[in-house]
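Below you'll find the structure, written out as structure tokens, and then a few comments.
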Amino acid sequence: MYLSAPKGFRDRTLVVERLAMLETSEHVQPLRDFSAALVERRRGRNPTIEVPDFDPADAGVSARVLLLFESPGDKTLAGPNGSGFISADNDDETAKNVWEARDAEGMHEGVAAWNIVPWFLGIGDKSASAEEVGQGAMELRLLLPIFADLEAVVLCGAGAKSGWKRFVSPHVDDSRLTVIETWNPAPRTFAQAGKQQHFRNAMHRAAPFARK
């Protein structure tokens, strides 16, 4: 994360630059391969599946902190109104909340972001079903070994928390990980007393791992 202000992808030239970076950045190529394989595995179940890419401005396979959200929002879609990335630079309020919390802690390096349900669920406020969370968690279990340096996972929101506890933790050795639970950074959540500060506190706990 290196842009100087949130909602950077409002400038479409920056999206084009990031897409070019995606093609050439070595640290994100294994994650692109993972995403492509995921789409192929899931296409029979979901012929219109859309999985946004990891942001190449983040740490890629070198990430020491993984921010795990529930599912991709509208602005993650590739196209005229979205970026095609899971990114704190997206042009929406949730991404802005993440950008500001990361920036306040100096978490500009060492971080990757993903969703426990990595495919787009639909326009608007779409909550993931328990089945979708379980299916997404199966893919997450395949993803985690790619992050060889991972030390902390921040579970952002109820879907990420429940999915990790039920479908991930029993099947992987997460004893080497610091698992931090917090709220989803969506504006409607931050409007509730104490939840914005809780999220920022979680970023504060994760920051030392990211800055190593």
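Couple of notes before you dig in:
- Considered as a group, the residues in region 173-188 that are surrounded by fewer than 19 Cβ atoms within 10 Å (Cβ to Cβ) and hydroxyl-bearing (Ser, Thr, Tyr) include one that is farthest from the chain's Cα centre (by Cα), and that residue is Ser175.
- Residue, nearest to Val168 (Cα to Cα), within region 60-79, restricted to residues that are over 8 Å from the mean Cα position of the chain (by Cα) and touching a residue at least 60 places away in the same chain (Cβ under 8 Å): Glu70
- Residue count for region 149-172 satisfying the condition of being surrounded by 19 or more Cβ atoms within 10 Å (Cβ to Cβ), part of a helix (DSSP H, G or I) and not aromatic (Phe, Trp, Tyr): 5.
Here's the yes/no breakdown for (1) closer than 20 Å to Arg12 by Cα; (2) touching a helix residue (DSSP H, G or I) at 6+ places or on another chain (Cβ under 7 Å); (3) among the β-branched types (Val, Ile, Thr):
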| position | (1), (2), (3) |
| --- | --- |
| Ile49 | no, yes, yes |
| Pro52 | yes, yes, no |
| Pro56 | yes, yes, no |
| Val61 | no, yes, yes |
| Arg64 | no, yes, no |
| Asp74 | yes, no, no |
| Ala78 | yes, no, no |
| Ile86 | yes, yes, yes |
| Val111 | no, yes, yes |
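- Only listed residue being over 16 Å from Leu140 (Cα atoms), among the hydrophobic types (A, V, I, L, M, F, W, C) and surrounded by fewer than 17 Cβ atoms within 10 Å (Cβ to Cβ), chosen from Ala210, Ala193: Ala193
One line per residue, one yes/no per condition, for (1) in contact with a Ser or Thr (Cβ under 7 Å, 6 or more places away or on another chain); (2) among the basic types (Lys, Arg); (3) over 21 Å from Arg64 (Cα atoms):
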{"residue": "Gly106", "(1), (2), (3)": "no, no, no"}
{"residue": "Ala128", "(1), (2), (3)": "yes, no, yes"}
{"residue": "Glu139", "(1), (2), (3)": "no, no, no"}
{"residue": "Pro145", "(1), (2), (3)": "no, no, no"}
{"residue": "Ala158", "(1), (2), (3)": "no, no, yes"}
{"residue": "Val168", "(1), (2), (3)": "no, no, no"}
{"residue": "Asp174", "(1), (2), (3)": "no, no, no"}
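- In the set (1) over 28 Å from Ser175 (Cα atoms); (2) in contact with a Lys or Arg (Cβ under 9 Å, 6 or more places away or on another chain); (3) at pLDDT 95 or above, the condition left unmet by Asp125 is number (3).
- Among (1) touching a helix residue (DSSP H, G or I) at 6+ places or on another chain (Cβ under 6 Å); (2) part of a loop (DSSP other than H, G, I, E, B); (3) at pLDDT 95 or above; (4) not polar (S, T, N, Q) - the single one Arg141 does not satisfy: (2)
- Qualifying residue in region 88-99 (condition: touching a residue at least 40 places away in the same chain (Cβ under 8 Å), hydrophobic (A, V, I, L, M, F, W, C) and closer than 25 Å to Asn46 by Cβ): yes
- Residue list for region 55-82, restricted to those being out of contact with any strand residue (DSSP E or B) (no Cβ under 9 Å at 6 or more places or on another chain) and among the small types (Gly, Ala, Ser): Gly79, Gly82
- For beta carbons closer than 6 Å, sequence separation of 6+ or different chains, a first residue in region 126-153 that is over 12 Å from Phe34 (Cβ atoms) and a second that is surrounded by 15 or more Cβ atoms within 10 Å (Cβ to Cβ) and among the acidic types (Asp, Glu), the qualifying pairs are Ala128/Glu70.
The values are calculated or read from the model by the stated rules, or taken from the named source; none is laboratory data. Since the structure is predicted, the reported quantities are computational estimates derived from the model, not experimental observations. For neighbour counting, all protein chains shown are included, and Cβ atoms are generated from backbone atoms with ideal geometry for every residue, glycine included.
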